[in-house]
Amino acid sequence: MNRFTVVVIALLAVFGGIFWVTKNEKKAEAPSSGQAVQASSHTQGEGKKGVTLIEYGDFECPACGQYYPILKEVKNKFGDDLKFQFRHFPLVQIHPNAMAAHKAAEAAGKQGKFFEMHDKLYEQQRVWSGQPTVSGFFESFAAELGLNMEQYKKDVASSEVNNIINTDIREGQKAGANSTPTFVLNGQKVEKNPRDLDAFIKLIEDEIAKQNQ
């Protein structure tokens, strides 16, 4: 990781990311069917050391984009010792394309390619973020992943996918999330996000040590 990235993350932590890390005060909509909907369950790693890290993230949030490579390195380092879970938390008030991005990821997940779409959305964030229309970008990503495009388009537009995302938002609000990224480590909200890779590794190592005392 270059020094610029570390400095950016440090500034975010110090100043609260006025534009990038913004309160999500709007309550998520109730499921359109009126029935309970399960939250998403997109995970990587087995958590063999008894540690689960949940990220409530927004695909259009630049701060989340800055944390994306850090999290990749964290997951690579700990492997199956850590269980990582991503949950939807689009900040729709300031990121007009966020909900569409989350629908694209969830639709890809229905074909077993959630994290592949997750990665493309973050790696190409500067390309699609803030564009007047984004469906074409996301459809091209879906095609690159070899998805069934007819099914993908159907799922993107479905109430089921919309309800799953809104359920994640409600779960995040219950966990104390009001900005992105928000991390929850073994059920406890991380009140101050790690500033760099070393700090993130220490956070996980300390939790592993606690669980294995």
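With a ≥ b ≥ c the root eigenvalues of the C-alpha gyration tensor of the stretch 38-120, is it rounded (a/c under 1.5), prolate (a/b larger than b/c) or oblate? It comes out prolate by the Cα gyration axes.
Rounded, prolate or oblate: which one fits the stretch 168-213, using the alpha carbon gyration tensor with axes a ≥ b ≥ c (rounded when a/c is under 1.5, else prolate when a/b beats b/c, else oblate)?
Taking the square roots of the gyration eigenvalues as a ≥ b ≥ c, the stretch 168-213 is oblate.
Checked against a 31 Å cut-off, the cross-linked pairs K77/K103; K153/K192; K77/K110; K103/K189; K49/K154 give Cα-Cα distances beyond that limit for K153/K192; K49/K154.
Ranked by the mean number of other Cβ atoms within 10 Å of their residues, highest first, the peptides 62-68, 109-115 fall in the order 62-68, 109-115. Ranked by solvent-accessible area (1.4 Å probe, protein heavy atoms only, all chains present), the residues S41, S158 order from largest to smallest as S41, S158. Taking a straight Cα-Cα cut-off under 14 Å and skipping sequence neighbours fewer than 8 places away in the same chain, the aspartates and glutamates within cross-link reach of K120 are D58, E60, E106, E139, E144. Please label the shape of the stretch 96-213 as rounded, prolate or oblate, based on the square roots a ≥ b ≥ c of the eigenvalues of the alpha-carbon gyration tensor (a/c under 1.5 means rounded; beyond that, a/b larger than b/c means prolate, else oblate). Prolate, because a/c is 1.5 or more and a/b exceeds b/c. Computed over protein heavy atoms with a 1.4 angstrom probe, the accessible surface ordering of R87, R170, R195, largest first, is R195, R170, R87.
How high is the FRET efficiency between D206 and A36 when r is their beta carbon distance and R₀ equals 45 Å, given to the nearest 0.05? Calculated transfer efficiency: 0.80.
The values are calculated or read from the model by the stated rules, or taken from the named source; none is laboratory data. This is a predicted model, so every value here is computed, not measured. Every residue, glycine among them, receives a Cβ derived from its backbone with ideal geometry; neighbour counts consider all protein chains shown. SASA here: full protein model, heavy atoms, side chains in, ligands and nucleic acids out. Shrake-Rupley method; radii C 1.70, N 1.55, O 1.52, S 1.80 Å.
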